[in-house]
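Enquirer: This is the structure I want to talk about, given as structure tokens.
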Amino acid sequence: MQNPNERTAWHEQARQLSIDTRALIGGARVELQGSARFDSVNPQDGSIIASLVSASQVDVDAAVASARQAFSQGCWSQLSPHQRSRTLLRLADQIEQHREELALLDSIEMGMPVSTSLPDIAVASGIVRGVAERVGTLSEQLLPSAPDTLALNLRVPHGVVAAITPWNFPLYVALAKVVPALAMGNSVVLKPSELASLSCLRLGDLALAAGIPAGVLNVITGLGGQTGRLLALHEDVDCLSFTGSTATGRLLMQYAGQSNLKALLLECGGKSPQIVLDGLDDLDGLARALVQGFVWNSGQVCVSGTRILVARALYQPLLDRMVGLMEAMRGGDPLQAATQLGPLASEAQLRRVGTMVEAARSRGGRIATGGAPDRDAGLCHYRPTLFTDLPHGDALMQEEVFGPVAGLLAFDTPEQALQLANDSRYGLSATLWTRDFALANRMARQVRGGPVTVNAVASPGPSYAMGSSVEPAGASGFGVEGGTAGLLAYTRAKSLHFRLA
């Protein structure tokens with residue numbers, strides 16, 4: 001039972017937040033010149049948190065010019081990796097010192113429960129520390145050459161990197177892009193989602209406080225179809241890193257081709273499988289993990305395991321347990337520390353989820369539980385929903401819902417499970433549940449996906465915390481994130497040849 005004083009304290013802290021909606025360009029908070037505006041809306045109750053400006057062409061030009069000037073001057077790009085590392089470690093300190101403020105901003109803007117957003121900020125600061133420590137270990141490659149020749153392979157920064165980030169983990173995903181780009185010497189223009197911009201704006205302040213020079217990190221707000229498009233078409237942006245829908249990723253590829261052929265890193269949609277093989281004993285614990293794998297953050301997770309493929313012998317026992325767990329779940333106020341299931345991020349997202357569920361029901365899908373909004377919990381809540389009797393080719397089993405909705409399907413052999421798992425245009429992640437290590441090893445290598453977890457719920461955090469590198473496949477995009485390879489993704493290969501005679 002939550003202490004009422006604790007509940008009141010979080011709401012009081014939220015009321016006392018000082019929100020600055022101005023952009024950060026050239027090391028200063030400035031008013032944008034764009035005429036279009038949009039509201040930041042609390043999805044729990046529909047209240048307006050703030051009104052923001054959508055950056056215009058003039059604003060985008062100013063942010064990119066600021067980044068280019070800082071890069072060319074070398075105030076950051078020409079520092080040694082060790083110097084950049086020390087500054088990034090100070091940024092991690094700043095994030096940790098302001099973790100409650102940052103967590104609250106994410107909670108009130110997109111509905112993430114504070115019980116999730118606080119640890120999310122902790123993992124985010126871990127990203128910064130991990131990158132800062134790793135960048136100092138990179139070295140140039142000396143190539144075999146003649147005695148009178150010196151040859152080197154180098155990695156050099158792209159220059160100006162634009163980062164367009166989503167609303168589901170606002171600060172976490174921003175840091176996962178911005179920090180590796182900065183670590184390798186780039187300057188950055190960050191445009192967060194219009195649904196959740198405030199923690200990213202605050203990140204700009206913390207970067208300055210940590211000692212990152214003016215103009216090296218710029219943060220602008222704006223609508224994706226306007227400001228995001230302008231960034232993607234900009235002739236002076238050298239690299240664009242994006243996380244979001246596959247449809248938007250396709251547009252960004254077109255914009256890159258129409259402009260300067262800028263490098264792209266795209267993490268797009270997903271429809272990830274959870275594969276449950278025979279021989280598992282703790283069905284209660286497994287059922288909890290399977291449910292957590294698709295309802296965490298109200299299902300608004302790119303790697304959410306929404307295609308649950310179960311060995312036929314375990315199908316009914318797991319279905320019964322999962323239904324019981326889901327029916328016991330209650331959504332609630334994100335600012336109550338006991339809340340585990342917050343609202344969807346917007347009314348538009350609530351409508352999208354509802355529309356996809358109703359369409360699947362009309363095609364003969366049986367809803368084992370859920371299938372409706374939860375108005376008692378708040379404005380944009382949707383009940384955890386589990387479908388059965390849907391063929392694997394059904395749209396709900398093939399398309400990303402981005403809500404707490406999954407389909408359950410039985411299989412007879414591991415080979416059939418693998419075929420079903422790979423029967424998707426996406427290839428973002430996968431999860432295997434088994435006690436057979438040899439089988440897990442074989443299937444993990446064959447299943448499509450960047451991160452593949454065995455006997456653990458897929459989540460974005462561990463990949464960065466442990467330094468592993470991941471890359472999506474198919475319609476989920478391309479480009480490495482995490483680990484050393486993720487750092488190198490924000491650079492170009494360059495060779496140097498010296499004649500010593």
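The values are calculated or read from the model by the stated rules, or taken from the named source; none is laboratory data. All values reported here derive from a predicted model rather than from experimental measurement. Ideal geometry is used to build each Cβ from the backbone, glycine not excepted, and the neighbour counts take in all protein chains shown.
Enquirer: Among the residues that make up segment 85-102, is at least one of them at pLDDT 95 or above and among the small types (Gly, Ala, Ser)? So that I can check it myself, show each step before the final result.
Expert: Here is the first cut: in segment 85-102, the residues at pLDDT 95 or above are 85-102.
From what is left, the residues that are among the small types (Gly, Ala, Ser) are 85, 92.
The answer is yes, given that some residue of segment 85-102 is at pLDDT 95 or above and among the small types (Gly, Ala, Ser).
Enquirer: Look at segment 393-411 and say how many of its residues are of a type in the set (Gly, Ala, Ser), surrounded by fewer than 24 Cβ atoms within 10 Å (Cβ to Cβ) and in contact with a helix residue (DSSP H, G or I) (Cβ under 6 Å, 6 or more places away or on another chain).
Expert: 1
Enquirer: Quick check on Leu88: is it part of a loop (DSSP other than H, G, I, E, B), assigned by TED's automatic domain parsing to the domain that holds Val160 and under 19 Å from Leu201 (Cα atoms)? Give the steps one after another, and end with the answer.
Expert: Working: part of a loop (DSSP other than H, G, I, E, B): no; assigned by TED's automatic domain parsing to the domain that holds Val160: yes; under 19 Å from Leu201 (Cα atoms): yes.
Here the answer is no, as Leu88 does not meet what is asked.
Enquirer: Which of the following residues is closer than 21 Å to Ala489 by Cα, without any contact (Cβ under 8 Å) to a residue 60 or more places away in the chain and surrounded by fewer than 16 Cβ atoms within 10 Å (Cβ to Cβ): Ser72, Ser47?
Expert: Numbers: Ser47 fails: closer than 21 Å to Ala489 by Cα.
Every option except Ser72 fails the conditions.
Enquirer: How about segment 105-122: which of its residues are over 21 Å from Leu208 (Cα atoms) and in a helix (DSSP H, G or I)?
Expert: If we filter segment 105-122 for residues that are over 21 Å from Leu208 (Cα atoms), which is where we start, we get 107-120.
Correct list: Ser107, Ile108, Glu109, Met110, Val114, Ser115, Thr116, Ser117, Leu118, Pro119, Asp120.
Enquirer: Also, I was wondering about something else. Would you mind listing the helices (runs of 4 or more DSSP H) fully within segment 332-440 where at least 3 residues are in contact (Cβ under 8 Å) with a residue 24 or more places away in the chain and of a type in the set (Gly, Ala, Ser)?
Expert: On the way: elements: 347-362, 395-398, 414-421.
Result: 347-362.
Enquirer: Any chance segment 49-58 includes a residue that's assigned to a helix (DSSP H, G or I) and assigned by TED's automatic domain parsing to the domain that holds Val156?
Expert: Of all residues in segment 49-58, those assigned to a helix (DSSP H, G or I) come to 57-58.
Right, trim to assigned by TED's automatic domain parsing to the domain that holds Val156 and you get 57-58.
Yes, there is a match, as at least one residue in segment 49-58 is assigned to a helix (DSSP H, G or I) and assigned by TED's automatic domain parsing to the domain that holds Val156.
Enquirer: Let me ask something additional. Is segment 199-212 home to any residue that is acidic (Asp, Glu) and part of a loop (DSSP other than H, G, I, E, B)?
Expert: Step one: filter segment 199-212 for residues acidic (Asp, Glu), giving 205.
Cutting the leftovers down to part of a loop (DSSP other than H, G, I, E, B) gives us none.
Looking for residues that are acidic (Asp, Glu) and part of a loop (DSSP other than H, G, I, E, B), one finds none in segment 199-212, hence no.
Enquirer: Condition test on Val454, is it at pLDDT 95 or above, in contact with a strand residue (DSSP E or B) (Cβ under 6 Å, 6 or more places away or on another chain) and not assigned by TED's automatic domain parsing to the domain that holds Ile121?
Expert: Working: at pLDDT 95 or above: no; in contact with a strand residue (DSSP E or B) (Cβ under 6 Å, 6 or more places away or on another chain): yes; not assigned by TED's automatic domain parsing to the domain that holds Ile121: yes.
Against the criterion (at pLDDT 95 or above, in contact with a strand residue (DSSP E or B) (Cβ under 6 Å, 6 or more places away or on another chain) and not assigned by TED's automatic domain parsing to the domain that holds Ile121), Val454 does not qualify.
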